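Engineer: Shown below is the structure under consideration.
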Amino acid sequence: MHHRCPMVDPSDSIRLLSLATRTIERRDAEVLLAWCWRRTRTQLLASAGEPVPPTVAADFERACLQRAAGVPVAYLLGRREFWSMDFVVSPAVLVPRPETELLVQRLLHLVTAPAAQVVDLGTGSGAIAIALATERPNWHVTGTDASPEALAVARENGTRLASGRVEWVLGNWFAAVEGRRFDALGSNPPYIAADDPVLESDGLRHEPQRALTPGGDGTSAFHTLINEAPRHLRPGGWLALEHGNTQGETLRSLLVARGFTHVTSHRDLAGHERVTEGKAP
């Protein structure tokens, strides 16, 4: 069922936003109207009550209808901020989320070598790899993905934000880097269980399912990454994984069983265990 976002004869931005908030959140409405009007949200709020051109109102109505149907704001804008950078996003990649910045922080903390080799497995939009490359220009950062469409988005972001500083490789997990060893492996793999109703929630149902769930109980990617990581890590190298807020204990057990040491989980700003790491044997 499509929600209607009535915009008949909108006289000004205040009235337009009031109509929109019948079906979508106020902040989303402000962001979308500012985008349709080619203004910043600050400029929009500063000019409250100004007449809205009919073409802008029409674009805004279309955007509101899509948002009311659950399409993420980031897909409507084609942009999402991560690590204080503006990333291009599309339905081919997950929308980068603030909690993933914890994985970037941990990798920056763990790897002390000035010219390290680091890989982001399943890079999606390239957010993690590009954040690492911008913070550590002397690192050789590699981003891999099994999806050609996702890797195309990552390459575009790399060209804009970290030109020449990230190597992009097409391939599924370690097949993309066969025979290579790294100082650190990082990944935000699919980890939602196939029967978790969150997959049908607002937003997620429009994101690429293969990037959200590996099927089953959601842990199969972790098994692959943890089991095969020692072959691709230098002695003392690190594996750091983002995961769901109830999976930390499982990952700690898997890492210890595989011989990893210094196994630790870290909590995100909401207090949930979000990143678990271990040092290669």
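The values are calculated or read from the model by the stated rules, or taken from the named source; none is laboratory data. Computed from a predicted structure; not experimentally measured. Backbone-built Cβ (ideal geometry, glycine too); neighbour counts: all protein chains shown.
Engineer: Gly124: at positive phi, touching a residue at least 60 places away in the same chain (Cβ under 8 Å), surrounded by 14 or more Cβ atoms within 10 Å (Cβ to Cβ) and out of contact with any Pro (no Cβ under 6 Å at 6 or more places or on another chain), yes or no?
Structural biologist: Working: at positive phi: yes; touching a residue at least 60 places away in the same chain (Cβ under 8 Å): yes; surrounded by 14 or more Cβ atoms within 10 Å (Cβ to Cβ): yes; out of contact with any Pro (no Cβ under 6 Å at 6 or more places or on another chain): yes.
So Gly124 passes the test.
Engineer: Something else now. Considering only the stretch 1-49, state which residues are at pLDDT 90 or above and assigned to a loop (DSSP other than H, G, I, E, B).
Structural biologist: Listed by number, the residues that qualify are Thr21, Arg22, Thr23, Ile24, Glu25, Trp37, Arg38, Arg39, Thr40.
Engineer: Does Val153 satisfy the criteria of being closer than 19 Å to Leu94 by Cα, hydrophobic (A, V, I, L, M, F, W, C) and either in a loop (DSSP other than H, G, I, E, B) or in contact (Cβ under 8 Å) with a residue 40 or more places away in the chain (or both)? Explain how you work it out, then say what you get.
Structural biologist: Numbers: closer than 19 Å to Leu94 by Cα: yes; hydrophobic (A, V, I, L, M, F, W, C): yes; either in a loop (DSSP other than H, G, I, E, B) or in contact (Cβ under 8 Å) with a residue 40 or more places away in the chain (or both): yes.
Judged against the criteria, Val153 is a match.
Engineer: Step by step: first the residues of the stretch 228-281, then only those that are of a type in the set (S, T, N, Q) and either within 24 Å of the chain's Cα centre (by Cα) or not assigned by TED's automatic domain parsing to the domain that holds Thr112 (or both), then the one that is surrounded by the most Cβ atoms within 10 Å (Cβ to Cβ). Which residue is that? It would help to see each step written out before you state the result.
Structural biologist: Initially, the stretch 228-281 is screened for residues of a type in the set (S, T, N, Q), giving 245-247, 250, 253, 261, 264-265, 276.
Right, trim to either within 24 Å of the chain's Cα centre (by Cα) or not assigned by TED's automatic domain parsing to the domain that holds Thr112 (or both) and you get 245-247, 250, 264-265, 276.
Values: Asn245: 13, Thr246: 10, Gln247: 23, Thr250: 17, Thr264: 14, Ser265: 18, Thr276: 26.
Across the stretch 228-281, the extreme among qualifying residues is Thr276.
Engineer: Continuing with this model, one more query. Have a look at Glu99, Glu81 and point out the one that is charged (D, E, K, R) and either under 14 Å from Asn157 (Cβ atoms) or touching a Gly at 6+ places or on another chain (Cβ under 8 Å) (or both).
Structural biologist: Glu81
Engineer: Further question: If I ask for residues that are buried (at least 24 other Cβ atoms within 10 Å of the Cβ) and either in contact with a His (Cβ under 8 Å, 6 or more places away or on another chain) or not assigned by TED's automatic domain parsing to the domain that holds Gly158 (or both), which ones from the stretch 83-118 would you list?
Structural biologist: The one that is buried (at least 24 other Cβ atoms within 10 Å of the Cβ) and either in contact with a His (Cβ under 8 Å, 6 or more places away or on another chain) or not assigned by TED's automatic domain parsing to the domain that holds Gly158 (or both): Val118.
Engineer: If you check Thr100 against the conditions, is it in contact with a Ser or Thr (Cβ under 8 Å, 6 or more places away or on another chain), of a type in the set (S, T, N, Q) and closer than 25 Å to Leu212 by Cβ?
Structural biologist: In short, no.
Engineer: Identify the single condition in (1) without any contact (Cβ under 8 Å) to a residue 40 or more places away in the chain; (2) not assigned by TED's automatic domain parsing to the domain that holds Ala229 that Tyr75 does not satisfy, given that it satisfies every other one.
Structural biologist: Only one criterion in (1) without any contact (Cβ under 8 Å) to a residue 40 or more places away in the chain; (2) not assigned by TED's automatic domain parsing to the domain that holds Ala229 is unmet by Tyr75, namely (1).
Engineer: If you take the residues in the stretch 169-207 that are of a type in the set (S, T, N, Q) and modelled with pLDDT of 95 or more, which one is surrounded by the fewest Cβ atoms within 10 Å (Cβ to Cβ)?
Structural biologist: Filtering the stretch 169-207 for residues that are of a type in the set (S, T, N, Q) and modelled with pLDDT of 95 or more, the one surrounded by the fewest Cβ atoms within 10 Å (Cβ to Cβ) comes out as Asn172.
Engineer: Of the residues that make up the stretch 156-163, is at least one without any contact (Cβ under 8 Å) to a residue 60 or more places away in the chain, under 21 Å from Glu81 (Cβ atoms) and part of a helix (DSSP H, G or I)?
Structural biologist: Checked against the condition, which is being without any contact (Cβ under 8 Å) to a residue 60 or more places away in the chain, under 21 Å from Glu81 (Cβ atoms) and part of a helix (DSSP H, G or I), the stretch 156-163 yields at least one hit.
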